[in-house]
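Engineer: Sending over a structure as structure tokens; questions will come in a sec.
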Amino acid sequence: MFGSFVQFIVNFADVSFLGHLSDDPERTKLAVSGVGNSVLIYGWFFMLGQGLSQGVQILIARREGENDYPQIGRLFRQSAIVQFVLAVLAFGTVILLLTPFLKLTIESESIAGVMHNYLDTRAFGLFFTFLTFPFVALYIGTGRTQVLIY
């Protein structure tokens, strides 16, 4: 839940920063519209990885209760692999498939261009985000949340 909140803060800061970037009201409206819509698309990918992580967290907590530590290691490794593959697929989708999709679904070419630029930059963050999810699942599932605070 805290990860979602942090993601919200980052997105809020992006929209706020771009809203004050220009004195031209039309450019400001364009930037806020493009980034605001892009945040929803990026959030979809983020929630996909986070949902998988929460499922793994439940499985790890179950194995912790059973004192089955080798199985926890296997779950962690499998989760890391699946999250990495998911990150590659999400990155590929954003970089390769999203631009044609945006051109088909958004009337304003300017807003589609802003969304494309924003998502091309944020797409690299998917790797880092998705690869932290297995660690979050491991530490929360085993009850060692103190590590996450640091």
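Engineer: Hey, residue 76 hits all of (1) aromatic (Phe, Trp, Tyr); (2) touching a helix residue (DSSP H, G or I) at 6+ places or on another chain (Cβ under 8 Å); (3) more than 13 Å from residue 131 (Cα to Cα) but one; which does it fall short on?
Structural biologist: Status for residue 76: all satisfied but (3).
Engineer: If we keep just the residues of the range 140-150 that are assigned to a helix (DSSP H, G or I) and among the β-branched types (Val, Ile, Thr), which is surrounded by the fewest Cβ atoms within 10 Å (Cβ to Cβ)? Lay out the reasoning, then the answer.
Structural biologist: The first filter runs over the range 140-150 and keeps only residues assigned to a helix (DSSP H, G or I), leaving 140-141, 146-149.
Now narrow it down to the ones that are among the β-branched types (Val, Ile, Thr): 140, 147, 149.
On the way: 140: 19, 147: 12, 149: 7.
Taking the candidates together, the pick is 149.
Engineer: Another question, if that's okay. Of the residues 55, 51, which is open to solvent by 30 Å² or more (accessible area, probe 1.4 Å), out of contact with any helix residue (DSSP H, G or I) (no Cβ under 6 Å at 6 or more places or on another chain) and more than 30 Å from residue 114 (Cβ to Cβ)?
Structural biologist: Details: 51 fails: more than 30 Å from residue 114 (Cβ to Cβ).
Selected residue: 55, the only one of 55, 51 that is open to solvent by 30 Å² or more (accessible area, probe 1.4 Å), out of contact with any helix residue (DSSP H, G or I) (no Cβ under 6 Å at 6 or more places or on another chain) and more than 30 Å from residue 114 (Cβ to Cβ).
Engineer: Could I ask something else about it? So if I check each of 112, 137, which one is assigned to a helix (DSSP H, G or I), touching a Lys or Arg at 6+ places or on another chain (Cβ under 8 Å) and open to solvent by less than 40 Å² (accessible area, probe 1.4 Å)?
Structural biologist: Values: 137 fails: touching a Lys or Arg at 6+ places or on another chain (Cβ under 8 Å).
The match here is 112.
Engineer: Please enumerate the residues belonging to the range 115-134 that are in a helix (DSSP H, G or I) and open to solvent by 60 Å² or more (accessible area, probe 1.4 Å). Write out each step before concluding.
Structural biologist: Quick first cut of the range 115-134, residues in a helix (DSSP H, G or I) only: 115-122, 125-134.
Result: 117, 121, 128, 131, 132.
Engineer: Can you confirm whether the range 77-94 contains a residue that is modelled with pLDDT of 90 or more, loosely packed, with under 12 Cβ neighbours inside 10 Å and among the basic types (Lys, Arg)?
Structural biologist: Yes, because at least one residue in the range 77-94 is modelled with pLDDT of 90 or more, loosely packed, with under 12 Cβ neighbours inside 10 Å and among the basic types (Lys, Arg).
Engineer: Among the basic types (Lys, Arg), under 21 Å from residue 141 (Cα atoms) and without any contact (Cβ under 8 Å) to a residue 40 or more places away in the chain - does that describe any residue in the range 93-114? Walk me through it before giving the result.
Structural biologist: Of the residues in the range 93-114, the ones among the basic types (Lys, Arg) are 103.
With the extra rule that they be under 21 Å from residue 141 (Cα atoms), the set shrinks to none.
Scanning the range 93-114 turns up no residue that is among the basic types (Lys, Arg), under 21 Å from residue 141 (Cα atoms) and without any contact (Cβ under 8 Å) to a residue 40 or more places away in the chain.
Engineer: Is it the case that residue 62 is closer than 27 Å to residue 5 by Cβ, among the charged types (D, E, K, R), at pLDDT below 95 and open to solvent by 40 Å² or more (accessible area, probe 1.4 Å)? Write out each step before concluding.
Structural biologist: Details: closer than 27 Å to residue 5 by Cβ: yes; among the charged types (D, E, K, R): yes; at pLDDT below 95: no; open to solvent by 40 Å² or more (accessible area, probe 1.4 Å): yes.
Answer is no for this residue.
Engineer: Still on this structure, please answer the following. Please verify whether residue 26 is under 20 Å from residue 134 (Cβ atoms), of a type in the set (D, E, K, R) and at pLDDT 65 or above, treating the condition exactly as stated. Write out each step before concluding.
Structural biologist: Details: under 20 Å from residue 134 (Cβ atoms): no; of a type in the set (D, E, K, R): yes; at pLDDT 65 or above: yes.
Against the criterion (under 20 Å from residue 134 (Cβ atoms), of a type in the set (D, E, K, R) and at pLDDT 65 or above), residue 26 does not qualify.
The values are calculated or read from the model by the stated rules, or taken from the named source; none is laboratory data. All figures in this text were calculated on a predicted structure; none of them were measured in a lab. As a convention, Cβ positions derive from the backbone with ideal geometry for all residues, glycine included, and neighbour counts pool all protein chains shown. Side chains included, ligands, DNA and RNA excluded: accessible areas come from the protein's heavy atoms. Shrake-Rupley method; radii C 1.70, N 1.55, O 1.52, S 1.80 Å.
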